[in-house]
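The values are calculated or read from the model by the stated rules, or taken from the named source; none is laboratory data. Quick caveat: nothing in here was measured; it's all calculated off a predicted structure. Neighbour counts run over all protein chains shown; Cβ positions are idealised from the backbone, glycine included.
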Amino acid sequence: MSEFINNSGKRLEGLFQFSQGILRDEDGTKLLAKYGEILKHITPHDMIAMEEKQLRMGVKPGEIKDKIEKVMNAIYDHLKNYEWNKPQEGHALYYLMQENRELEKILSELKQNLKDRAYKVAKINVSKLLLMEHHYRRKENILFPFLEKIWENCLPLSVMWSLHDDIRMKLKQLLTILSENEGFTPEIFSLIGEVFFLMYGMISKEELIIYPVAMETLTSKELRDFFSNQNRRIEQAAIRSDPEYNTIGHNLHRRK
């Protein structure tokens, strides 16, 4: 319906009511039947504005985190189809996205390790996941403070920061239990599943919501200059297993 395409107010209200229904554990099928047409036109900007509204009305970050994936699942395809100018090589966000591609490779290898019951190799790949700490720190220490200065709706960044902490906690728990065992256990499988859920979910939130809005916020020379100046700090995206590259902090395209 064209009435939703150019009406951000209606889109925001529809998404808000849908999310509120999810938070109240209402029937998802009925909610989709009621709000499905509006959800087809949701943009990343709407998602951030909706979360801002929920947080300002007193919804706790923990409540949002508990239900956010149900909301994301309902609008995933629509956000995926949202057209935006993705960052090119040389842009800070390009390198953050490249880190996600490397993370996906490790997660894929870890999935295969589980199928093969390759415990020792799985432990190595779980250890590699710790290198994403550099990625999350760059977001927290460089990207978020800047976005907080220019975004009207910046409270949702606090939820993402909290999700970073959840990933850290789960990885710590997983590494501990891996060190205490010599083979896979139901608890290990469960924890790895939680790590997959959180890390894949983080990739989606970054690349379907945060980065598109960040790119579309860069409308002034000052904003573009900021990211240009930060490239030396963010343009370091390789997760590599060999000792020379044992941190994320190495340039993907080494300068001579």
Could you tell me which numbered condition E51 fails, if it satisfies all but one of (1) of a type in the set (D, E, K, R); (2) part of a loop (DSSP other than H, G, I, E, B); (3) within 24 Å of T217 (Cα to Cα)?
(2)
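Each row is one residue, and each column tells you yes or no for (1) modelled with pLDDT under 55; (2) exposed (fewer than 12 other Cβ atoms within 10 Å of the Cβ); (3) among the acidic types (D, E).
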| site | (1), (2), (3) |
| --- | --- |
| N181 | no, no, no |
| E207 | no, no, yes |
| V213 | no, no, no |
| K221 | no, yes, no |
| D225 | no, yes, yes |
| S228 | no, no, no |
| I234 | yes, no, no |
| Y245 | yes, no, no |
| G249 | yes, no, no |
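Residues are listed down the side, and each one gets a yes or a no for (1) at pLDDT 95 or above; (2) of a type in the set (A, V, I, L, M):
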{"position": "G58", "(1), (2)": "yes, no"}
{"position": "N73", "(1), (2)": "yes, no"}
{"position": "N85", "(1), (2)": "no, no"}
{"position": "S108", "(1), (2)": "yes, no"}
{"position": "K111", "(1), (2)": "yes, no"}
{"position": "R117", "(1), (2)": "yes, no"}
{"position": "V121", "(1), (2)": "yes, yes"}
{"position": "L129", "(1), (2)": "yes, yes"}
What are the pairs with Cβ atoms under 9 angstrom where one residue, in region 158-176, is in the same structural domain as K60 (by TED's automatic domain parsing) and surrounded by 15 or more Cβ atoms within 10 Å (Cβ to Cβ) and the other, located anywhere, is in a helix (DSSP H, G or I) and of a type in the set (D, E, K, R)? Sequence gap at least six, or different chains.
none
Could you run through region 107-163 and say how many residues are within 17 Å of the chain's Cα centre (by Cα) and of a type in the set (V, I, T)?
2
Per the filter on region 104-152, residues touching a helix residue (DSSP H, G or I) at 6+ places or on another chain (Cβ under 6 Å) and free of Cβ contacts under 8 Å to residues at least 24 places away in the same chain are E109, N113, V121, N125, F144
